[in-house]
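Read through the structure below, which is laid out as structure tokens, and then see the notes.
The numbers here are math on the coordinates, done by the rules we state, and not lab data. Keep in mind that this is a model prediction, so the values were computed, not measured. When we count neighbours, we look across all protein chains shown, and the Cβ atoms used for this are built from the backbone with ideal geometry, even at glycine.
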Amino acid sequence: MKHLLKLGDLTREEILSILNLADQLKYERKNGIKKDYLAGKTLGMIFQKSSTRTRVSFEVGMRELGGYALFLSNRDLQIGRGEPVEDTARVLSRYLDAIMIRTFEQREVEDLAKYGSIPIINGLTDYCHPCQVLADLMTIRERKGAFKGLKMTFVGDGNNMANSLMVGAIKMGMSFAIACPDAYRPDPALVEWAKANGDFTMTSDVLEACKDADVIYTDVWASMGQEEEKKIREEAFCGYQVNAEAMAVAKSDCMVLHCLPAHRGEEITAEVFEAHADEIFEEAENRLHAQKAVLVKLIK
């Protein structure tokens, strides 16, 4: 494992190794055990999309590991004024020990890895969100004990979260169902991969997808950068909501997860969100632990 560009690059064993280390790091943090795994190391954090959880969790994570995180926005970098990614990659590789980037194009992340000589971590692109799904898998295993035999259902837009959850669930032995409008399906190549490698269902019927689910997951209807589509998406996703009816057909102990921020009354009702708030905010906390594990694996 040289980088974390997308979950599809990792084997099941590599994912398990990250999750096991994340569990260990979480235990150490909860019990006041401090180890400077990354003493003297520096992480550059490039943000072309703003963030709450990504920035805070990576910055705090590096601090807790004994290292230093450097925040870099478009205004701080020549890349925001047209410098090629390949030049930025080669320059920053001489200053930093790793780069985390949160951006729009997956190609930009891949090019950093191609032209740089240090580990690159995908903090989010329009294509995928591997860091979030590692935290999701960590949370599911904490609550359910194992992955095999579980059914995960995603309700909503076939976006970067759907793409990554599909890969993560199937790699770990879960079945995966998605309920989405026909015009908002996940990446076609990933859909074909999912069909060939696991138990995969895609439907426009929310209740069909949620039937007997162990985990139901949802995300906002309009992601960052899609604000101008808000009205169109509200119409397209009307009915694609995690609500009492969806929960009624799932298993009685079904978990609900959300990558946040949540728009109560749209993709999820306030009642369902609050009933599962402990799971959702444990999931948010686990971003810290999962990403610390990734940092240790890549930099140490």
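Could you list all residues from the range 25-72 that are under 17 Å from the mean Cα position of the chain (by Cα) and small (Gly, Ala, Ser)?
Selection gives Ser50, Ser51, Ser57, Gly61.
Give the residue that is farthest from Trp221 (Cα to Cα), with candidates limited to residues of the range 173-185 that are in contact with a Phe, Trp or Tyr (Cβ under 9 Å, 6 or more places away or on another chain) and surrounded by fewer than 23 Cβ atoms within 10 Å (Cβ to Cβ).
So the residue we want is Gly173.
Based on this model, can you work out whether Asp9 counts as of a type in the set (Asp, Glu) and under 17 Å from the mean Cα position of the chain (by Cα)?
So Asp9 passes the test.
Name every residue in the range 245-300 that is outside any helix (DSSP H, G or I) and β-branched (Val, Ile, Thr), in order of residue number.
Val256, Ile268, Thr269
Do we find that Ala113 is over 15 Å from the mean Cα position of the chain (by Cα) and over 29 Å from Arg185 (Cβ atoms) in this structure?
Judged against the criteria, Ala113 is not a match.
Report whether or not Gly61 is more than 25 Å from Ala162 (Cβ to Cβ) and not in a loop (DSSP other than H, G, I, E, B).
Considered against the rule, which asks whether it is more than 25 Å from Ala162 (Cβ to Cβ) and not in a loop (DSSP other than H, G, I, E, B), Gly61 comes out as yes.
Kindly indicate whether Val155 is buried (at least 23 other Cβ atoms within 10 Å of the Cβ) and within 23 Å of Ala98 (Cβ to Cβ).
no
Just for the range 280-290: of the residues that are of a type in the set (D, E, K, R) and out of contact with any His (no Cβ under 9 Å at 6 or more places or on another chain), which one is surrounded by the most Cβ atoms within 10 Å (Cβ to Cβ)?
Checked the range 280-290; the qualifying residue surrounded by the most Cβ atoms within 10 Å (Cβ to Cβ) is Arg287.
The conditions are (1) over 14 Å from His289 (Cα atoms); (2) part of a loop (DSSP other than H, G, I, E, B), and Phe71 fails exactly one of them. Which is it?
(2)
Please indicate, with yes or no, whether at least one residue in the range 186-204 is among the aromatic types (Phe, Trp, Tyr) and over 16 Å from Asn163 (Cβ atoms).
Taking every residue of the range 186-204 in turn, none turns out to be among the aromatic types (Phe, Trp, Tyr) and over 16 Å from Asn163 (Cβ atoms).
Identify, from the list Leu207, Leu165, Leu137, the residue that is surrounded by 18 or more Cβ atoms within 10 Å (Cβ to Cβ) and within 23 Å of Cys238 (Cα to Cα).
It is Leu165.
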